[in-house]
1. Regarding Thr20, is this residue surrounded by fewer than 24 Cβ atoms within 10 Å (Cβ to Cβ) and either at pLDDT 95 or above or in the same structural domain as Leu308 (by TED's automatic domain parsing) (or both)?
2. Against the conditions (1) of a type outside the set (A, V, I, L, M, F, W, C); (2) in the same structural domain as Ser49 (by TED's automatic domain parsing); (3) without any contact (Cβ under 8 Å) to a residue 60 or more places away in the chain, where does Thr339 fall short? Just the number, please.
3. For the stretch 78-125, what are the residues that are among the aromatic types (Phe, Trp, Tyr) and out of contact with any helix residue (DSSP H, G or I) (no Cβ under 6 Å at 6 or more places or on another chain)?
4. Just for helices (runs of 4 or more DSSP H) wholly inside the stretch 187-302: which have at least 3 residues that are modelled with pLDDT of 95 or more and within 21 Å of Met341 (Cβ to Cβ)?
5. If you go through the stretch 204-212 one residue at a time, do you hit one that is among the aliphatic types (A, V, I, L, M), in the same structural domain as Asp267 (by TED's automatic domain parsing) and under 12 Å from Leu98 (Cβ atoms)?
6. Tell me, which strands (runs of 3 or more DSSP E) lie completely within the stretch 360-476 with 3 or more residues that are at pLDDT 90 or above and of a type outside the set (A, V, I, L, M)?
7. So which residues in the stretch 125-146 are at negative phi and assigned to a loop (DSSP other than H, G, I, E, B)?
8. Taking the options Val438, Val445, Val470, Val465, name whichever one is β-branched (Val, Ile, Thr) and touching a Phe, Trp or Tyr at 6+ places or on another chain (Cβ under 9 Å).
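The values are calculated or read from the model by the stated rules, or taken from the named source; none is laboratory data. What you see is a predicted model; the values in this text were computed from it and never measured. For neighbour counting, all protein chains shown are included, and Cβ atoms are generated from backbone atoms with ideal geometry for every residue, glycine included.
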Amino acid sequence: MTSDHENPTDATGPSGITETDRFTELLPATRRALLHRVATAQAEGRAPSLVAAVVRDGRPVWAAGRGTVDGREPDPERTRYRIGSITKSLLAVLVLRLRDEGLFDLGDPIGRYVDTPAGGEATVAQLLSHSSGLAAEPRGPWWERTDGGLRPTPGDLFGERPQRHRVGELFHYSNTGYALLGGLVEKLRGERWYPVLRREVLLPLGMERTTYAPEAPYAQGWAVHPWADVVLPEPAADTGLMAPAGQLWSTAADLGRFAAFLLSGDDRVLAAATLAEMRRPAVDPQNPDWSGAYGLGLQLVRAGGRVLVGHTGSMPGFLGTVLASPEEGIAAVALANQTSMPGIGALVAGLVETVAEAEPRIPDPWRPDPDADLALLELTGPWYWGPRALAIRLTADRTLDLAPLDGAGGRASRFRPEADGTWTGLDAYYAGETLRVVRRPDGSVSHLDLGTFVLTREPYAPGDVVPGGVADGGWR
């Protein structure tokens, strides 16, 4: 990773095109603007130390450290910080990986797999999306600052009123719910959740410095006095059964690798379609302005006119955030070692905004598709849903892109080809619905059947196969 104190290098690849030619290096003005944001956040937030990193198009392009750890500036590549609830997103990737293997269904109740005195009727999807209705915190003393040995069994996690809302009723953040998801992994794999996560998610993504416990070099967690420039060390407990909710330690560089995964996926870890499933809102947000929502283990944040996906994290003495803009191919990370520092999420969103606005994405050059299925050209062009004009374009991998010609979004959707000759909707109203080509006896296309809606080549032409028929005499 290129740090703010290093000179950019132009590594030439096999094609003879330099990395700078590929627009992977940031301009000096952009780098200075990023450093200014980080330096200001560390100074005004009074963080003992802070590290940050930016990823563009899957590649690390900038990193910086401010403050000190053990008397030295923190190293974004090597210095570990506790990442808190970012742990949840990593665990969610693993849970969905097991789902994709066919080991369970998201609609299965967790009680089918985990022996728990509470929350057993909540589905795996509801636990991932914090709509299980379970209490936010486990019973007993503040779990983030006390040893997990105080809660040795699932029965020790729940107090007298473990269910705070009806299952599936609304979004209510629940750390205890993720403890149950850790138990799900252990039941299905037959070993502790962290070794499975490391083997199946962390190492394939190159996150070798993401660990269960702190390993040198790592930052001490501090509480900063609200009215004086003095600090107090925070404990770093092994949280036991609650560990899936916020135990892990990582570096800015490792979380940058996770951010790159959030941008474009990695089939070795999770299918692109499953990653897209994680990034969709799974439950209505509780904030009235819809500035944020929650998917399957990922937070969605509206900032600067864009929707960012990722997660925030906090544990006593530590704060962190990772946010990605898949549409722009930019992601950012920040980690600090203090208990309370308003604005770290805004800092990370600002790092994304700085790069996106200073250096807009350069589109890839258009080229003809050498693998296009020419037989599908007969499906392209204008179609009509009654009098509504739409058009179908053929895109990569035999995907069909349907959009209204007046530009209004409404019923726009992309359709994935299936082995039986149909297509399945991927977006909005038609997500999951089937598009079927209906042919005449001579093999020519008669119309399209889209979830029972009929699309024809002319708007209500006489003789068209339209449910309810076309009025005699046609248009008048």
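1. Details: surrounded by fewer than 24 Cβ atoms within 10 Å (Cβ to Cβ): yes; either at pLDDT 95 or above or in the same structural domain as Leu308 (by TED's automatic domain parsing) (or both): no.
No, not satisfied.
2. Result: Thr339 fails condition (3) only.
3. Tyr81, Phe104 - these are the residues of the stretch 78-125 that are among the aromatic types (Phe, Trp, Tyr) and out of contact with any helix residue (DSSP H, G or I) (no Cβ under 6 Å at 6 or more places or on another chain).
4. 252-264
5. First, the residues of the stretch 204-212 that are among the aliphatic types (A, V, I, L, M): 205, 207.
Okay, now just the ones that are also in the same structural domain as Asp267 (by TED's automatic domain parsing), so 205, 207.
Checking the rest, the ones that are also under 12 Å from Leu98 (Cβ atoms) come to none.
No, because not a single residue in the stretch 204-212 is among the aliphatic types (A, V, I, L, M), in the same structural domain as Asp267 (by TED's automatic domain parsing) and under 12 Å from Leu98 (Cβ atoms).
6. 381-385, 413-417, 423-425, 434-439, 445-450
7. Initial filter on the stretch 125-146 (at negative phi): 125-129, 131-132, 134-139, 141-146.
Correct list: Ser129, Ser131, Ser132, Ala135, Ala136, Glu137, Pro138, Arg139, Pro141, Trp142, Thr146.
8. Val470
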